[in-house]
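Trainee: Please see the structure below; I have some questions.
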Amino acid sequence: MSGFRAFLFRGNVVDLAVAVVIGAAFGAVVTAFVKDLIAPLVAALAGKPDFGAVGFTVNGSRFAVGDFLDALISFVLIAAAIYFVVIVPLEKAGRLHAPEAPAEPPVKVCPFCLETVPAAATRCRACTSMLEVAGP
């Protein structure tokens with residue numbers, strides 16, 4: 001039982017649980033935004049409050065294109081909201097950029113054994129041959 005408890009309280013599991021709860025709440029906010037603000041705007045411009053009724057029939061099969069359009073519009077709005085509310089502010093705060101990897105030190109190749117050695121080395125670590133010192 002202690003192993004299970006350690007698993008539950010591991011940082012990744014707790015972070016994931018918090019993200020799911022916040023994501024569900026954020027989804028509800030965006031859904032309300034689309035239903036209460038965007039749908040009336042679409043209705044004012046296009047004459048219909050939603051695209052749910054849009055579709056066509058082929059050989060008795062109904063293709064509900066409107067449901068797909070509603071889901072697509074919701075997805076685009078959710079993605080835009082996440083980008084402008086979460087990603088842009090975090091990028092401005094400098095928290096989303098991974099730290100740059102330190103530059104690799106310059107190296108050269110030993111002409112005798114072809115071993116890679118640091119550029120400032122005067123002797124090869126593999127064959128102990130004297131190397132030319134790189135000038136400035």
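Trainee: Checking Glu100 against (1) acidic (Asp, Glu); (2) modelled with pLDDT under 85; (3) touching a Cys at 6+ places or on another chain (Cβ under 9 Å): exactly one of these is not met. Which one?
Mentor: It fails just one condition, (3).
Trainee: Return only the number of the condition from (1) at pLDDT below 80; (2) closer than 30 Å to Val117 by Cβ that Pro106 does not satisfy.
Mentor: For Pro106, the exception is condition (1).
Trainee: Next question, about the same structure. Looking only at the range 59-85, which residues are out of contact with any helix residue (DSSP H, G or I) (no Cβ under 9 Å at 6 or more places or on another chain) and open to solvent by less than 70 Å² (accessible area, probe 1.4 Å)?
Mentor: Of everything in the range 59-85, those that are out of contact with any helix residue (DSSP H, G or I) (no Cβ under 9 Å at 6 or more places or on another chain) and open to solvent by less than 70 Å² (accessible area, probe 1.4 Å) turn out to be Ser61, Ala64, Val65, Gly66, Leu69, Ala71, Ala79, Ala80.
The values are calculated or read from the model by the stated rules, or taken from the named source; none is laboratory data. For clarity, every value in this text was computed on a predicted model and none was experimentally measured. In this analysis, Cβ positions are derived from the backbone assuming ideal geometry, glycine residues included, and neighbour counts consider all displayed protein chains. Just the protein is used for accessible areas: all its heavy atoms, side chains included, with ligands, DNA and RNA removed. Shrake-Rupley method; radii C 1.70, N 1.55, O 1.52, S 1.80 Å.
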